[in-house]
Amino acid sequence: MWELLRGGTYRWLFVSNMAFFLAMQSQALVRGFLAFRLTNSEFALGSVSFAVAVPMLLVSPLGGVLADRVDRRRIIVAAQGLVLVSETTILALYVTGHLQFWHLIGAAFVMGCVFPLMMPARQAIVANVVGRERLSSAIALNMTGVNTARVVGPALGGLLILGDDVRLAYAAGIAMYGVALLCMWKVGPVHPQGGARNAPVWTNVVEGFAYLRGNRLVGLLLVFGLLPMFLAMPFQQLMPAFAEKVWPVGSTGLGLLSAFVGLGGVAGSLWVAWRAETRRLRWQLGSMIAFGVLLVAFCWTPHFPSALALVFLANVFASVFGTVNSTAIQLLIPDEVRGRVSSFLMMSFSLPLLGVLPIGYLAREIGVQRAVSGAAVLATALAVLFFLTSPTLRGMDAATSRPER
């Protein structure tokens, strides 16, 4: 793990990722704050999230195609540059007094489109930079950075909002986007292998789906990894309901819950990076079961301090599950389709946002504790069912340990 950070190219890539995700998480909080101040409407907050989530889901396949056709470093640089221009425009409009709510929706939409265009290239370029032998540790370190940003970014954005003035917070976010862009220039060009660029774009998209049909294990791992994201991970967006209705702890308690969720994610991904575990299926199934059990316990514990410990541990295992799943998929896929398959992994960012709607409806009808604990039980049961009924899935360790051909 530490050898990776001492290496020049990966170190620049890691710093770029950290700076970008810190800025993105910080700006998401500041954008929501501005939206509420401009409209005084909770619906405005939902509209901003919707403007990010929908294009994030729809544009992902195109991002995967680009990552298999074009220099991956160039895609990341162009995307980060577009975000930098978008956020600088918002700051200029705010400073001059011309900012309106629809401008924020536009900036959220730009992020929703740019993020899925960039992320398949970000995920694929890691394998190009570090090689197969160190891929597990590199992916785990990347997940550590993402989870750290989830904790530090919103806190930083909140601290830099001075009363109702967001100029300093926006300027800090723009500066971090600038750092991310500069660091990516230190990473050399990375051209994908294969002949994807010689075929029409739509043919490349179809080839991505055809690869999943022809490679049953990769398809099973995608479903195995994404289903819990849709069923159980929306609990994070329902934290305000827990903070108000289960334990009346208010905004301070909500902040603590969110922090412990993020810290659990950091601890889980660091564990995977440190262990470099080869018996991946055992860890993946075990962590999913542990996550489900701990999430149910979290829902029903009567004591808030116990809830903090339980949600921390639950997210440790959720992070282990997701990191091991992503690593196994990246080890199995050849580089010529790496971008397109990585684009399907992008759903792990958008599915929890979309899963909030059905789980939120159930929470309104039967209570948030029953809704979330029921979803956790269902996700765990489906994971066990996958394992018991699929010999292909049970052969994952043997498949991922084969030498690269």
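So the values come out like this:
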read-out	value
Pair list, Cβ < 8 Å and 6+ apart or interchain, from segment 7-35 residues that are under 13 Å from ALA172 (Cα atoms) to residues that are among the aromatic types (Phe, Trp, Tyr) and buried (at least 21 other Cβ atoms within 10 Å of the Cβ)	ALA19/TYR177; PHE20/TYR177; ALA23/TYR177; MET24/PHE115; GLN27/TYR170; VAL30/TYR170
Residues of segment 112-159 satisfying the condition of being open to solvent by less than 40 Å² (accessible area, probe 1.4 Å) and without any contact (Cβ under 8 Å) to a residue 24 or more places away in the chain	GLY131
Pairs with Cβ under 6 Å, 6+ apart, first in segment 210-224 and over 12 Å from PHE386 (Cβ atoms), second of a type outside the set (A, V, I, L, M) and open to solvent by less than 30 Å² (accessible area, probe 1.4 Å)	LEU212/GLY219
Scan of segment 210-232 for residues that are outside any helix (DSSP H, G or I) and open to solvent by less than 30 Å² (accessible area, probe 1.4 Å), ordered by number	ALA232
Residues satisfying the stated conditions in segment 61-72, i.e. open to solvent by 30 Å² or more (accessible area, probe 1.4 Å) and either under 18 Å from the mean Cα position of the chain (by Cα) or of a type outside the set (Val, Ile, Thr) (or both)	PRO61, LEU62, LEU66, ARG69
Test: residue in segment 280-303 that is within 21 Å of THR144 (Cβ to Cβ) and charged (D, E, K, R)	yes
Out of ALA383, ALA376, sole residue that is more than 20 Å from the chain's Cα centre (by Cα), open to solvent by less than 20 Å² (accessible area, probe 1.4 Å) and under 24 Å from MET143 (Cβ atoms)	ALA383
Complete set of residues in segment 236-252 that are at pLDDT 80 or above and closer than 12 Å to ALA371 by Cα	PHE242
Residue match in segment 215-228 (condition: at pLDDT below 75 and not charged (D, E, K, R))	no
Qualifying residue in segment 87-106 (condition: buried (at least 16 other Cβ atoms within 10 Å of the Cβ), in a helix (DSSP H, G or I), of a type in the set (Gly, Ala, Ser) and out of contact with any strand residue (DSSP E or B) (no Cβ under 6 Å at 6 or more places or on another chain))	no
One residue from TRP185, TRP274, TRP283 being closer than 23 Å to GLU133 by Cα, open to solvent by 20 Å² or more (accessible area, probe 1.4 Å) and modelled with pLDDT of 75 or more	TRP283
Failed criterion for LEU168 (all others in (1) touching a residue at least 40 places away in the same chain (Cβ under 8 Å); (2) within 30 Å of PHE260 (Cα to Cα); (3) open to solvent by 60 Å² or more (accessible area, probe 1.4 Å) hold)	(1)
Residue check for LEU331: modelled with pLDDT of 90 or more, over 16 Å from LEU227 (Cα atoms) and assigned to a helix (DSSP H, G or I)	no
Tabulated pairs, segment 175-189, first within 16 Å of ASP71 (Cα to Cα), second open to solvent by 70 Å² or more (accessible area, probe 1.4 Å) and assigned to a helix (DSSP H, G or I), C-beta under 9 angstrom, 6+ apart or interchain	MET184/TRP12; TRP185/TRP12; LYS186/ARG11; LYS186/TRP12; VAL187/TRP12; PRO189/ARG74
Residue among PHE321, PHE298, PHE317, PHE312 that is surrounded by fewer than 23 Cβ atoms within 10 Å (Cβ to Cβ) and in contact with a helix residue (DSSP H, G or I) (Cβ under 7 Å, 6 or more places away or on another chain)	PHE312
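The values are calculated or read from the model by the stated rules, or taken from the named source; none is laboratory data. Predicted model, so just to flag it, every value in this text is computed and none were measured. Virtual Cβ from ideal backbone geometry, glycine too; neighbours counted across all protein chains shown. For the accessible areas, the whole protein counts, side chains as well, though only heavy atoms, and no ligand, DNA or RNA atoms are used. Shrake-Rupley method; radii C 1.70, N 1.55, O 1.52, S 1.80 Å.
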